[in-house]
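Novice: One structure is given below, represented as structure tokens, and several questions about it will come after.
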Amino acid sequence: MSGYRATLRNQVYHFDSLRELLAKASPFRSGDALAGIAAEDEKQRVAAQIALADVPLRAFLDDCLVPYEDDEVTRWIINSHDAEAFAPVAHLTVGEFRDWLLRHETTTEVLSGLADGMTPEMVAAVSKLMRNQDLVLVASRCRVVTKFRNTLGLKGRLAIRLQPNHPTDDPVGIVASIVDGLMYGCGDAVIGINPATESLESLLKLTNILAELIQQYQIPTQACVLAHVTTQLEAINAGAPVDLVFQSIAGTEAANASFGVTFDLLDQAHQAAQQMGRGSIGQNVMYFETGQGSCLSANAHHDCDQQTLEARAYAVARRYEPLLVNSVVGFIGPEYLYDGKQITRAGLEDHFCGKLLGVPMGCDVCYTNHAEADQDDMDTLLTLLGAAGCNYFMGVPGADDIMLNYQTTSFHDSQYLRQLFDLRPAPEFEEWLIRSEIIDQANRLAPPVERHRLFESMKKLTLSAPD
Amino acid sequence: MDKREIVTNDATLPLRKLTRARIALGRAGGSLTTSEWLDFKGAHAAARDAVNLPFDVPKVQQSIESLGYPTITCCSAAHDRATFLLRPDLGRRLDDESREKLSASTADLESIDLAICVCDGLSTTAIHTAIGPVLEQLLPRLAAEDWRLAPILIVRNGRVALQDEIGQLCKARIALSLIGERPGLATACSMGAYVVFDPTLGKTDADRNCISNIHVDGLRFEQAADAIHRLLVAIRRQQISGVPLSAPESSTSSLPTEEPPT
């Protein structure tokens with residue numbers, strides 16, 4: 001193939017490869033500039049988008065951006081592609097595909113049927129031709145429903161991961177944050193702790209605390225301690241009550257290797273978690289986090305743009321029918337996503353691409369203090385993703401994660417979004433919240449109950465804790 | 001209505017003392033109250049200033065020289081703050097002028113045990129507040145054990161791995177970086193200490209050891225100086241640093257890839 005070309009304002013632009021075309025067509029972000037693959041100027045970027053619009057979707061099945069022989073993720077993408085599901089759009093170009101997605105006739109049912117026919121490169125490509133409103137509108141028509149102890153991803157529902165992290169994994173501090181979050185109606189997606197220490201001992205301790213809490217109060221939700229997958233496997237082998245198995249994943253084999261994971265290892269973990277069989281109404285047992293830039297950061301990006309590689313991470317996730325998948329969009333830092341504008345765009349792309357691939361996308365709407373971003377930017381992205389039907393967000397006390405030292409969305413933010421769009425918690429969890437006098441039938445926070453029964457969970461821990 | 005009824009206190013209020021997390025904040029409807037919102041903004045403002053405030057090199061230089069130690073000032077290849085944030089690779093190398101300056105002034109050095117680099121990193125305020133007190137405690141301990149030190153390097157827009165090039169130019173056995181850490185809301189002025197044995201270009205994070213969270217509400221200055229001293233002694237004795245070092249109180253500096261250290 002002799003490459004791709006487009007003419008813009010009498011200037012002819014040439015692109016050697018599909019990989020280069022995608023990179024140059026990607027909306028600007030600092031990580032692609034850091035990798036030296038971004039468009040040289042705005043006109044070249046639009047020219048690349050014009051050329052990309054004419055590329056047949058089929059081209060992505062023939063031209064693997066990351067070579068098939070070198071990369072198990074590529075092999076999985078190609079080998080698992082469902083030609084029958086792809087058939088309705090198989091004759092379209094990328095540009096025509098964008099128009100097709102926006103048609104009134106492209107309903108939730110149509111999109112659900114399409115998911116297995118999509119490759120990450122196809123959805124990444126079309127996303128580059130879409131403006132933010134397109135990403136919101138099309139994603140809002142996608143539904144990806146998953147189950148463990150409750151039902152996530154239903155229309156009109158919004159779930160929250162309660163993230164009660166503590167810099168020393170102090171059980172008392174962690175449970176205090178959990179109780180506070182539950183009182184704000186958070187925790188239906190998962191109660192998920194990032195441990196400060198990676199040890200098996202710490203993992204076992206936290207896993208047991210969460211399991212006891214959920215059991216004691218009969219909370220229809222699931223727990224997860226986000227240690228490395230190998231440590232979680234050890235915990236399962238030690239008989240710990242592990243609900244969900246977590247792992248950070250990326251879009252290339254080499255980047256996953258830098259995280260210490262392979263398909264083999266994830267297959268084992270998936271199987272082990274399923275054998276635990278702790279889900280009461282479903283068997284979606286995996287939780288994955290991702291983020292644009294992780295491949296470049298591991299020097300494993302094969303000269304591909306970071307947004308396309310991010311979409312490939314969702315193909316990795318899809319292999320395991322996970323309960324939860326979210327990008328941690330603003331965590332990586334300004335050298336990959338510089339400011340609120342880039343973080344917002346990336347968050348919308350990630351959600352759109354994941355949903356189109358049939359992945360139950362949530363989002364960690366977040367930023368670090370060296371990025372050009374603030375709470376106003378987070379409000380914008382949160383609102384847009386709420387409109388797009390994002391499955392879940394994070395809930396951290398006061399938006400301030402005191403262990404990971406970054407800002408993500410708060411318990412209060414969940415209240416904002418649930419009010420704004422009249423979104424209710426996961427149905428099983430909602431019933432529990434009403435029964436526990438935390439919210440009323442109208443989905444509003446109930447007046448505070450002095451010495452709420454949840455406080456008893458603190459007693460045993462505070463008694464056993466040193467002063 | 002009674003003003004006391006405008007906002008709702010949380011039932012979790014009694015739990016507030018159990019964690020530094022922002023729990024039991026109360027609410028206006030379901031939203032953050034004015035006082036909590038402004039408190040949050042204050043913390044974020046301090047963190048932003050810590051990243052962006054200019055590095056006061058003369059002040060840092062003066063506080064070190066007043067302890068009786070010579071200094072050399074340099075700049076990384078990232079010449080302004082925006083470039084420093086966007087190009088971590090440039091923050092890990094000296095600019096040409098600094099390299100020549102350092103080569104010339106270290107040409108006569110021999111058998112140097114330790115090169116100390118003081119970098120602004122991601123929090124200039126961390127260095128402004130911590131560097132004097134920590135070095136005041138640390139340097140006499142080293143002097144008492146006859147450590148041969150290179151002149152202390154003060155580097156603008158530097159990242160951790162810059163210690164490799166600096167240590168190499170100084171022909172030092174060990175390099176120590178004292179550097180501003182990425183500010184959080186809880187503290188905007190935390191300093192980290194990173195140590196590498198046999199500093200040479202191409203060392204990775206797995207080759208370093210780190211003592212972090214050095215600030216008035218974290219690891220306090222005297223304790224920090226003790227910890228750094230013990231780490232340096234262990235590295236000198238074992239002739240190695242990073243993952244293989246047995247030094248229980250330090251951590252290796254290999255952080256998750258999605259969180260670049262500084």
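Novice: Mind listing just one residue for me: the one in region B:178-194 that is touching a Ser or Thr at 6+ places or on another chain (Cβ under 6 Å) and more than 8 Å from chain A (Cβ to nearest Cβ) and, of those, most open to solvent (accessible area, probe 1.4 Å)?
Specialist: B:CYS189
Novice: I'm trying to understand the selection: among the residues of region A:254-298, which are surrounded by fewer than 22 Cβ atoms within 10 Å (Cβ to Cβ), in contact with an Asp or Glu (Cβ under 6 Å, 6 or more places away or on another chain) and assigned to a helix (DSSP H, G or I)?
Specialist: The answer is A:PHE263, and nothing else.
Novice: Another question, if that's okay. For region B:225-262, how many residues are modelled with pLDDT under 75, open to solvent by less than 30 Å² (accessible area, probe 1.4 Å) and more than 11 Å from every other protein chain (Cβ to nearest Cβ)?
Specialist: So the count comes out to 3.
A quick yes/no check of all residues on (1) more than 10 Å from chain A (Cβ to nearest Cβ); (2) under 21 Å from A:ALA373 (Cβ atoms); (3) open to solvent by 40 Å² or more (accessible area, probe 1.4 Å):
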site: B:ARG27; (1), (2), (3): no, no, no
site: B:PHE55; (1), (2), (3): yes, no, no
site: B:ILE72; (1), (2), (3): yes, no, no
site: B:LEU85; (1), (2), (3): no, yes, no
site: B:LEU90; (1), (2), (3): yes, no, yes
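Novice: Quick one: which helices (runs of 4 or more DSSP H) sit completely within region A:369-467 and have at least 3 residues that are surrounded by 21 or more Cβ atoms within 10 Å (Cβ to Cβ)?
Specialist: Values: elements: A:375-387, A:411-420, A:427-435, A:456-464.
Output list reads A:375-387, A:411-420, A:427-435.
Novice: Which of the residues spanning region A:351-365 are closer than 16 Å to A:THR409 by Cβ and more than 14 Å from every other protein chain (Cβ to nearest Cβ)? Show your work before the answer.
Specialist: Keep residues of region A:351-365 that are closer than 16 Å to A:THR409 by Cβ, which gives A:351, A:361-365.
Residues satisfying the conditions are A:HIS351, A:MET361, A:GLY362, A:CYS363, A:VAL365.
Novice: Something else about it: What residue, among those in region B:146-177 that are of a type in the set (S, T, N, Q) and more than 14 Å from chain A (Cβ to nearest Cβ), is surrounded by the most Cβ atoms within 10 Å (Cβ to Cβ)?
Specialist: This residue is B:SER177.
Novice: A follow-up question, please. Quick one: which residue in A:LEU385, A:LEU454 is away from chain B (no Cβ under 13 Å) and within 26 Å of B:GLU36 (Cα to Cα)?
Specialist: Details: A:LEU454 fails: away from chain B (no Cβ under 13 Å).
Going through A:LEU385, A:LEU454 in turn, the sole match is A:LEU385.
Novice: Let me ask another. Is one or more of the residues making up region B:87-108 within 17 Å of the chain's Cα centre (by Cα) and among the acidic types (Asp, Glu)?
Specialist: Looking for residues that are within 17 Å of the chain's Cα centre (by Cα) and among the acidic types (Asp, Glu), one finds none in region B:87-108, hence no.
Novice: Then there's this: State which residue is nearest to A:LEU21 (Cα to Cα) when the search covers only region A:297-321 and only residues that are at pLDDT 95 or above and of a type in the set (S, T, N, Q).
Specialist: Among those residues, the one meeting the criterion is A:THR308.
Matching residues to (1) facing another protein chain (nearest Cβ under 10 Å); (2) touching a Gly at 6+ places or on another chain (Cβ under 8 Å); (3) outside any helix (DSSP H, G or I); (4) crowded, with 19+ Cβ neighbours inside 10 Å:
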| site | (1), (2), (3), (4) |
| --- | --- |
| B:ALA11 | yes, no, yes, yes |
| B:ALA24 | yes, no, yes, yes |
| B:LEU38 | no, no, no, no |
| B:ILE64 | no, yes, no, yes |
| B:SER103 | no, no, no, no |
| B:GLU110 | no, no, yes, no |
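Novice: Looking at region B:194-221, I want the residues that are closer than 22 Å to B:CYS170 by Cα and in a strand (DSSP E or B) and have a partner that is open to solvent by 30 Å² or more (accessible area, probe 1.4 Å) and aliphatic (A, V, I, L, M) with Cβ atoms under 6 Å, at least 6 apart or on another chain. Which pairs are those?
Specialist: Close Cβ pairs (under 6 Å, with a partner that is open to solvent by 30 Å² or more (accessible area, probe 1.4 Å) and aliphatic (A, V, I, L, M)) amount to B:PHE197/B:ILE240.
Novice: Considering (1) open to solvent by 70 Å² or more (accessible area, probe 1.4 Å); (2) outside any loop (DSSP other than H, G, I, E, B), say which one A:GLU40 fails and leave the rest.
Specialist: Failing condition for A:GLU40: (2).
Novice: Just wondering, is there one or more residues in region B:220-236 that are basic (Lys, Arg) and under 17 Å from the mean Cα position of the chain (by Cα)?
Specialist: Yes, because at least one residue in region B:220-236 is basic (Lys, Arg) and under 17 Å from the mean Cα position of the chain (by Cα).
Novice: So the check is Cβ under 8 Å with 6+ separation or different chains; which pairs have a first residue in region B:12-36 that's in contact (Cβ under 8 Å) with a residue 60 or more places away in the chain and at negative phi and a second one that's in a helix (DSSP H, G or I) and open to solvent by less than 20 Å² (accessible area, probe 1.4 Å)?
Specialist: Within 8 Å, the pairs are B:ARG20/A:GLY173.
Novice: Only one residue in A:ALA33, A:ALA47, A:ALA53, A:ALA23 is crowded, with 20+ Cβ neighbours inside 10 Å and closer than 30 Å to B:LEU90 by Cα, so which one is that?
Specialist: A:ALA23
The values are calculated or read from the model by the stated rules, or taken from the named source; none is laboratory data. The structure presented is a predicted model; accordingly, all values stated were derived computationally and were not measured. All Cβ positions, even for glycine, are placed from backbone atoms using ideal geometry, and neighbour counts span all protein chains on display. Surface areas here come from the heavy atoms of the whole protein model, side chains and all, with no ligands, DNA or RNA. Shrake-Rupley method; radii C 1.70, N 1.55, O 1.52, S 1.80 Å.
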